[in-house]
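**Student:** This is the structure I want to talk about, given as structure tokens.
The values are calculated or read from the model by the stated rules, or taken from the named source; none is laboratory data. Everything numeric here is computed off the predicted structure, so don't read it as measured data. Here the Cβ positions follow ideal geometry from the backbone for every residue, glycine too, while neighbour counts run over all protein chains shown. For accessibility, only protein heavy atoms count, side chains too; no ligands or nucleic acids. Shrake-Rupley method; radii C 1.70, N 1.55, O 1.52, S 1.80 Å.
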Amino acid sequence: MNVSNFDKNMSAVAFAEAGEFETARGMLHNETAQRGNASQPARGAAPLRKKKPYLPAIGFGLVSISLYVILFSNEQLVTNTFTMGGWYTVLPVGGAFLFSFIHGAFASNLLNVLGLEAKK
Amino acid sequence: MYRKLLFMLLLTLISLPLASAALAGGGDGPPKDMLKGIITQVQPEAHSITFEKDGTKEIVTLILPAAMKAEDVRLNKKVLVSLDKHAGEGVIKDISIMFMDMTLTRIITLLVVGLIGGLLSGFIGSGGAFVLTPAMMSLGVPGAVAVASNMCHKFPKAMVGAYKRYKYGQADIKLGLVMAATAIIGVQIGIKMQKYILNHFGNAGSNLYVSFVFMVVLVLVGGYVLYDAYKLAKGKGEATVSKLALRLQAINLPPMMHFKVAKVTISAWVTIPVGLLTGMLAATIAVGGFIGVPGMIYVVGASAVVASATELIIAFVMGAWGSIQWGLSGLIDIRLTLLILAGSLIGVQLGALGTTYVKDYMIKIVMASTMLIVAVSRGAKVPGYLADLDLIPVLQSQTTAALEQISFWALVTALGSAALIITIAMTKGMLQAKHEREAQQLAHVVTNG
């Protein structure tokens, strides 16, 4: 019997509706794999919805917020030490680097969670 | 291999000035006639203060200016004292508290300005700095601290933006590094010129020179970019390489350089002046990108997308260099830096992904409109400087206040209008992309089903 893509997609939907997500995903995935090129989605196959990075967004967000809280609760100490000049320059410059990695990762994941992604 | 080499190069670039200046005990960016430290005592009878210098703990006695009341001086807070060299040895011109108290309004202002500044930066490669420094100063931050803190926020932001746009295949690392290296030399020349003007024509002369350069460059270059973008928008055509760039690319003067992402092969003798001018302008008006990006588009021959992405690499290298210089003098208020970063790291990534949805000329439109409105802001300051130089009669205080207001609000307008254009263009692009995707899926279902 010749099963068309449309039929396959429909049966995957039926499985998904019945709560069998794994089977549905498997059916769709198998088809993509069979075509031998996993990077290019198969023609006609329903696109797999990418999982949104909720966990990394929350994780990096929490670390970022904690860093900000630590900074502002020790405001006096931080501002005085960071402006000593000379080799102490490492502190503000390194600090800016550290925050940019953590907060930058948070921002990147946040945008993904919000569905804002670059055009493919 | 390539990445390793790049990393090593950047590391050397960053560590060299750090080591040399740390050993020498100071950088050459920040002003010299400024003392940093704590006022430990006030002597009202002598109208003087006891001042403990930061770092060396040296104690000096300084004389308060006649206009300043002894009871207004705040003790045991880190302050910046600028000296009045013309009034005599150890006479204070002005005292400003280094670290302002953070109120909720200030925090929110910094977050919002950071977010929009970042958006602009991610989209056109530069921007944000021209409004962030005045915005901080209007919140009560001393000028030098505002410049330093802004500089320190610029390089991590540019790094994140450059990384994103490199991933989208838009940034030309080689072009960026070549431009940055020459721009650093340009900055040194720019500083020398500034100092010469300052010594010969004083503060007002220097301000007038800065404003004049700012306006001429912004109006001419911004006007041309706008004209070009208008032509492209009207013709709905794709951007073509400028005639000047094509002619320059034809010059076969070794060493020839090939830039893969920009798809350009051009003599190093063409890129060097563009880099030098970018640096000189950065030293003069603090926004080198306003010449760097148009330079890469019209002289080197890169597209607006590649030029604006590559500008972020230049901004990263130059920002890191500048931050170390200012950091060595201990002028970075890390709280300000990180509050702006909180917004701008989101903004810069949003702006970067926005470029993938718009046509090339959209970047030119945003850039040109920003440049032209910023020119108005600077232009409003010119009468004041002319009056300071006795070239025109003294302005009335109302006029001065009104001009200051115009200048500040023009900056806000520049930022606001740019953000608006970007948001609209991006939303349109995203909706269009969504419709195309849906139409495609539907077509597949119909043909296969």
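**Student:** Could you grab the relative contact order for chain B? Cα pairs under 8 Å, six or more apart, rounded to a whole percent.
**Tutor:** Working: 738 pairs, mean separation 104.8, N = 449.
Relative contact order, chain B: 23 percent.
**Student:** Can you give the average number of partner chain beta-carbon atoms within 10 Å of each beta-carbon in peptide A:101-107, as a whole number?
**Tutor:** 6
**Student:** Going from most exposed to least, what order do B:Met296, B:Met137 have by accessible area with a 1.4 Å probe?
**Tutor:** B:Met137, B:Met296
**Student:** Here's something else I'd like to know. Mind checking which of B:Ile173, B:Ile406, B:Ile59 has the largest fluctuation in a GNM of chain B, springs on alpha carbons under 10 Å?
**Tutor:** B:Ile59
**Student:** Sticking with this one: With the crude spin-label approximation of a point 7 Å out along Cα→Cβ, what separation in nm comes out for B:Asn76 versus A:Phe97?
**Tutor:** Placing both labels 7 Å beyond Cα along the Cβ direction yields 3.6 nm.
**Student:** While we're here: How many partner chain Cβ atoms sit within 10 Å of a residue's Cβ in peptide B:322-329, on average, as a whole number?
**Tutor:** 5
**Student:** Classify the range B:185-294 from the C-alpha gyration tensor, please: rounded if a/c falls under 1.5, else prolate or oblate depending on whether a/b exceeds b/c.
**Tutor:** The shape class here is oblate.
**Student:** Mind giving me the nanometre distance, one decimal, between the label points for B:Asn199 and A:Leu62, set 7 Å out from Cα along Cα→Cβ?
**Tutor:** Taking the two extended label points, one gets 5.9 nm.
**Student:** Would you work out the charge dipole size for the range B:34-97 about its Cα centre, treating the Cβ of every Lys and Arg as +1 and the Cβ of every Asp and Glu as -1, and quote it to the nearest 20 debye?
**Tutor:** That gives a dipole near 240 debye.
**Student:** Residue by residue through the range B:61-76, what is 3J(HN,Hα) from phi via Karplus (6.51 cos²θ - 1.76 cosθ + 1.60, θ = phi - 60°)? Round to whole Hz and write x for glycine and proline.
**Tutor:** 9, 10, 9, 6, x, 4, 6, 8, 8, 4, 6, 7, 6, 9, 8, 6
**Student:** Could you sort the peptides B:317-327, B:369-379, B:391-401, B:148-158 by per-residue average Cβ neighbour count (10 Å cutoff), highest mean leading?
**Tutor:** B:148-158, B:317-327, B:369-379, B:391-401
**Student:** Continuing with the same structure: Within 10 Å of each Cβ of B:407-419, how many other protein chain Cβ atoms are there on average?
**Tutor:** Average neighbour count from other chains, rounded to a whole number: 0.
**Student:** Assign one of three labels to the range B:143-242, namely rounded, prolate or oblate, based on the Cα gyration tensor with a ≥ b ≥ c the square roots of its eigenvalues; rounded applies when a/c is under 1.5, prolate when it is not and a/b is larger than b/c, and oblate otherwise. It would help to have the intermediate numbers written out before the result.
**Tutor:** On the way: a/c = 2.28, a/b = 1.37, b/c = 1.67.
Taking the square roots of the gyration eigenvalues as a ≥ b ≥ c, the range B:143-242 is oblate.
**Student:** Mind ranking B:86-93, A:83-90, B:331-338 by how tightly packed they are, going by the mean number of other C-beta atoms within 10 angstrom, highest first?
**Tutor:** Highest-to-lowest ranking by the protection proxy: B:331-338, A:83-90, B:86-93.
**Student:** Shifting gears a bit: Suppose every K and R has +1 on its Cβ and every D and E has -1 on its Cβ; what is the size of the dipole of the protein assembly as shown about the Cα centre, in Debye to the nearest 20?
**Tutor:** It works out to roughly 1820 debye.
**Student:** Grab the beta carbon distance between B:Thr56 and B:Ala87, set R0 = 22 Å, and tell me the FRET efficiency rounded to 0.05.
**Tutor:** The formula returns an efficiency of 0.35 here.
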